[in-house]
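The structure's right below; bear with me while I get my questions together.
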């Protein structure tokens, strides 16, 4: 355990999976942060980055976000956060979108994949039963930041404040077509198959957001935009929980 302030605990990095590739062993790490107590049971969130190995901004942003929350406990109040900064360690080492087996991991989830990274994350998702999932990506074809809300009202309500917050750092992509999908004000309702998501059988369904930064933007700006978006999502969802308790 790393002491970081009163009533805040950060555990990690902790290796929860190890696999072999080309004669070498690789680990997938997680960080766990338990925020200040709130009037409700802790909300379990899973934050993921580095699914594509050539997108370092999300990995750096998750590491930075854990540091920020540890230093400012009120921002993590009511949350139990599990951060997975590098889902694809071989891709990160090689600087490639795919893992070393040539697989795009974000098309492999819940499809019977034999990729060890996917199997490890699927086991985490089933075991942790997160109430919310946020995945960070970077897009080298976009003109600004945007996100996927999967057509769900809660996802949409959480994503929009995140896009507004990130606009303080990077402009929003407001095109009507992004990444091959119809979009409105930077929000996409559809998505690819096989993405990192909650187990198909999990009920109730957690909120599930994907936040994308423009990969051609300066790395420091992408990190700052990711942190701003994450902070806005936590604050917005906390307000929803508090409002629900007052009903």
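Among 148, 237, 84, determine the one that fluctuates most according to a GNM of the chain built with springs between C-alpha atoms less than 10 Å apart.
237
Which shape class applies to region 185-247: rounded if a/c is under 1.5, otherwise prolate when a/b exceeds b/c and oblate if not, where a ≥ b ≥ c are the square roots of the Cα gyration tensor eigenvalues?
Details: a/c = 2.57, a/b = 1.27, b/c = 2.03.
Taking the square roots of the gyration eigenvalues as a ≥ b ≥ c, region 185-247 is oblate.
Okay, next question. When the convex hull of the C-alpha atoms of region 156-217 is computed, what volume per residue in Å³ does it have?
Details: hull volume 6.3 nm³, N = 62.
Each residue corresponds to 102 Å³ of Cα convex hull volume.
For the pair residue 22 and residue 44, how long in nm is the line joining their label points, each one 7 Å along Cα→Cβ?
So the label points at residue 22 and residue 44 sit 3.6 nm apart.
Can you tell which of 122, 20, 55 shows the greatest fluctuation in a Gaussian network model of the chain with Cα springs below 10 Å?
So, out of 122, 20, 55, the one fluctuating most is 20.
By its C-alpha gyration tensor, with a ≥ b ≥ c as the square roots of the eigenvalues, how is region 23-153 shaped: rounded for a/c under 1.5, else prolate for a/b larger than b/c, else oblate?
Cα axes put region 23-153 in the prolate bin.
I need the shape label for region 44-113. Rule: rounded when a/c is under 1.5, else prolate if a/b > b/c, else oblate, with a, b, c from the alpha carbon gyration tensor. Write down the numbers at each step before the final one.
Working: a/c = 4.39, a/b = 1.87, b/c = 2.35.
Verdict is oblate for region 44-113.
Which residue, 216, 44, 32, tops the fluctuation ranking in a GNM of the chain built on C-alpha contacts under 10 Å?
Taking springs between Cα atoms under 10 Å, the residue moving most is 216.
Beta carbons within 10 angstrom, averaged per residue: use that to sort the peptides 181-187, 224-230, highest first. Mind dumping the intermediate values first?
On the way: 181-187: 16.3, 224-230: 26.3.
Per-residue mean Cβ counts within 10 Å order the peptides as 224-230, 181-187.
Here's a follow-up. So what's region 2-246 giving for Rg/Rh, alpha carbon basis, Kirkwood Rh from the mean inverse pair distance? Please list the in-between numbers first.
Values: Rg = 17.0 Å, Rh = 18.1 Å.
Computed over Cα atoms, the ratio is 0.94.
Here's something else I'd like to know. If you find the alpha carbon centre of region 90-129 and of region 190-247, how far apart are they in angstrom?
The distance from the Cα centre of region 90-129 to that of region 190-247 comes to 20 Å.
Bin width 10 Å, origin at 0, all Cα-Cα pairs of region 120-247: what percent of pairs per bin?
13, 42, 34, 11, 0
Shifting gears a bit: Relative contact order (percent) for region 1-118, with alpha-carbon contacts under 8 angstrom and 6 or more residues of separation?
Values: 244 pairs, mean separation 32.7, N = 118.
Over region 1-118, the number comes to 28 percent.
Report, to two decimal places, the Cα Rg of region 103-183 normalised by 2.2 N^0.38 Å (N = number of residues). Please list the in-between numbers first.
On the way: Rg = 15.1 Å, N = 81, 2.2 N^0.38 = 11.7 Å.
Relative to the rule-of-thumb radius for its length, region 103-183 sits at 1.29.
Roughly what % of DSSP beta bridges within the chain run antiparallel, to the nearest 5? Intermediate results must be reported in sequence, preceding the final value.
Details: 23 of 44 bridges.
Bridges in the chain that DSSP calls antiparallel: roughly 50 percent.
Given contacts defined as C-alpha pairs under 8 Å and at least six residues apart, what's the relative contact order of region 2-246, whole-number percent?
20
No value in this document is a laboratory result; all are computed from the given coordinates. Fair warning: this is a prediction, and the values are worked out from it, not measured in the lab. Glycine gets a Cβ as well: all are built from the backbone with ideal geometry, and neighbour counts include every protein chain shown.
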